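Below is one structure; the comments refer to it alone.
The values are calculated or read from the model by the stated rules, or taken from the named source; none is laboratory data. Please read these numbers as outputs of a predicted model, since none were measured by experiment. Every residue, glycine as well, gets a Cβ built from its backbone with ideal geometry; the counts of neighbours run over all protein chains shown. Just so you know, the surface numbers come from the protein's heavy atoms only, side chains and all, with ligands and any DNA or RNA stripped out. Shrake-Rupley method; radii C 1.70, N 1.55, O 1.52, S 1.80 Å.
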Amino acid sequence: MEWSLLSPDVYGLLFLVALVAGFIDSIAGGGGLLTIPALLSTGISPVQVLATNKLQATGGSLSAAWYFIRRGVVNLRSQRLAIAMAALGGMSGALLVQFVSPDLLRYALPILVMMIGLYFLLVPNIGVEDRPRRLGVVIFSCFIGGGIGLYDGVFGPGTGSFLALSYVMLCGYNLAKATAHAKVLNCATNLGALGFFMLGGQVLWLLGFVMLAGQMIGARLGAGLVLSRGQKLIRPMLVTISFLMSVKLLHDQHGDTIRFWLAYYF
């Protein structure tokens, strides 16, 4: 049925979009701001867009997470509770989004993402090296892992950036290490949310797997750069992606108003 809805050219284009999104996502987060509009442009329903996007995003986060785990950057044993709570949060968010409108998150998100960008821009030494931990494992796992997992299930954009910032500020990790751990938790939130979308029968499997392949390739390339370039790459990309995400979200929400005032004054 999917082939009757979309042409092979569209599948090829979405594969490339997912590849670029996976590369960006593995380094700084924000890949969903590329893949969701691309999926919406095909004309499939918004629910199918969210469900299919979660499938392809799972491939990217799994690819990057597995790379970091194999390289010994992430110790799964120490992250077991955080992973479990992130998955539970993702499942809860995917269930909650069926009953609650995420409009409040849409309005708050540009401000939150902008603050992340400003923080990394104005605090140049943040995440350069490991620092003392500020929050215990249990509290971090429950409130940060579970809370951001819930957000990812309900809405999603910026999840990787929120997790990376949390690991830097609250766990004292350097930026490369924080990015690696963030991707593992992001994988857990994606898997948790995907399970509920699958039960709802909204996933377009063929399209999702085509994009998943692109995500996995892009994520693997990005993950390699995280470990080889570290702080020099992640910090400017986090700042850049945060500001681009904010501009994109503000345009989506207030584009007509912005154009009106620009036309009025210029």
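Brief remarks follow.
- Excluding same-chain neighbours fewer than eight residues apart, the lysines reachable from LYS177 by a Cα-Cα span under 24 Å are LYS232.
- Karplus 3J(HN,Hα) series, Hz, for region 150-159 with 6.51 cos²θ - 1.76 cosθ + 1.60 (x for Gly, Pro): 4, 4, 5, x, 7, 9, x, x, x, 4
- As a calculated quantity, the FRET efficiency between VAL10 and TRP261 at R0 = 35 Å, using C-beta atoms, amounts to about 0.50.
- Region 173-214 and region 6-63: distance between their alpha carbon centers, rounded to Å: 11
- Solvent-accessible surface of region 35-78, averaged per residue with a 1.4 angstrom probe and all protein chains in place: 43 square angstrom.
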